Amino acid sequence: MIFDWKKYRIPFFALLLLALAAFSGCGQKQEPVTKHGFYFDTVIQITLYDRKYEPLIDDCFSMAEEFEQKVSKTLSGSEIYALNHAEGAPVSLSEDTLSLLQTGLAYCEKSGGSFDITIGALAELWDIKNNPGTIPEPDQIAAALATVGYENILLSGRTAALANPDTQVDLGGLAKGYMADRMKDYLNEQGVCEGFINLGGNVLALGPKKNGQPYTIGIQKPFADPGVSLLSVEISDGTVVSSGVYERYFQKDGKLYHHILDPSTGAPFENGLLSVTIFCPRSVDGDALSTTCFSLGAQEGLSLVESLPDTEAVFVTEELELLFSSGMGTKIPYELRSTW
């Protein structure tokens, strides 16, 4: 059955913005603690609602540092750096790196290649984050595109090799989500019952509140100041992950060039979308799905979401229309449900 995505469209002006709800503590009121770190080229914020757990936040930051040393594309000692510079020779992988590669390849296949973890050379060419407004030449794009193709990654046991030695693996679109999941597992094992992890927009709740109330999370309004919400949603557990054109971009001659690149053209996607937000249990899946669904466009992206268990999404179009998956009504605060 073809999913009727237009059925779940509502205009932005029909929505009321809600203030973010405050977190409650576990049982009696506790003094919260928040710490920040910088890993994976982004700010990590962890908030727990009992100060006795403060040392666990430092443990989480140590986990992030160790993981970054394994999967970073740019750190010369990492396993991914070694893979990208091995000229096709096999490279031994840790369990974490292998798991992340396997997850990335699964989403490459699921998206039919519109999400591709071998886009590293193309991403380097555009360098959207630092680009002052330079459009790569067609021959440069063609040369970079020749290295893209997830089929070039050859896994055998605990080793990986590249069939095309010029291929560049980039796991940046998955690493934050994977690390957030690892942190949550560790904190839950240590008895932490409430709080949240925010890895540069990957928001992961550690569990439901003791008072039974959900957490209220704001979805960033594209191109607005940080913290300005387009919509507020409720979650009791799980993750909220967004991908959008407003995160890294530049403009030239009135046209916007963003960081979500199309592996079939070598240029930023042009599909009428500004962002996709995914709601699901695991943050690594949210990471991959937000980019995958953006790359597929509104109709195919929503159809994919509808086919997945425990997964919902909000798509934001260039006209600031919101396109919801069919189960999103349960995540919208009560005050907004009459407009949905």
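The values are calculated or read from the model by the stated rules, or taken from the named source; none is laboratory data. Predicted model, so just to flag it, every value in this text is computed and none were measured. Neighbour counts are summed over all protein chains in view; Cβ atoms, including those assigned to glycine, are modelled from backbone coordinates with ideal geometry. Note: accessible area is taken over every heavy atom of the protein model, side chains too, but ligands, DNA and RNA are not part of it. Shrake-Rupley method; radii C 1.70, N 1.55, O 1.52, S 1.80 Å.
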Within region 242-276, restricting to residues that are within 21 Å of I117 (Cβ to Cβ) and of a type in the set (D, E), the one that is farthest from the chain's Cα centre (by Cα) is D262
So, first residue under 22 Å from Y257 (Cβ atoms) in region 219-247, second residue of a type in the set (A, V, I, L, M) and not in a strand (DSSP E or B), Cβ within less than 6 Å, six or more apart or across chains; the pairs are K221/V228
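With respect to G133, determine if the residue is open to solvent by less than 20 Å² (accessible area, probe 1.4 Å), farther than 27 Å from G301 by Cβ and either touching a Lys or Arg at 6+ places or on another chain (Cβ under 7 Å) or at pLDDT 95 or above (or both).
yes
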Among the residues of region 299-310, the number that are open to solvent by 10 Å² or more (accessible area, probe 1.4 Å) and under 28 Å from A224 (Cα atoms) is 2
For strands (runs of 3 or more DSSP E) lying entirely in region 223-268, having 2 or more residues that are of a type in the set (G, A, S) and modelled with pLDDT under 90 picks out 229-235
Just one listed residue, out of G212, G201, G207, is at pLDDT below 85, crowded, with 17+ Cβ neighbours inside 10 Å and farther than 23 Å from S325 by Cβ, and it is G207
If we keep only residues of region 139-177 that are modelled with pLDDT of 95 or more, open to solvent by 20 Å² or more (accessible area, probe 1.4 Å) and within 21 Å of the chain's Cα centre (by Cα), then the residue nearest to S283 (Cα to Cα) is D170
Scanning region 131-153 residue by residue, the ones that are β-branched (V, I, T) and closer than 18 Å to Y249 by Cβ total 3
Residues of region 215-232 being among the small types (G, A, S) and either under 16 Å from the mean Cα position of the chain (by Cα) or open to solvent by 40 Å² or more (accessible area, probe 1.4 Å) (or both), in sequence order, are G218, G227
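Looking only at region 61-90, count every residue that is over 18 Å from A121 (Cβ atoms) and touching a helix residue (DSSP H, G or I) at 6+ places or on another chain (Cβ under 7 Å) and tell me the total.
Residues in region 61-90 being over 18 Å from A121 (Cβ atoms) and touching a helix residue (DSSP H, G or I) at 6+ places or on another chain (Cβ under 7 Å): 6 in total.
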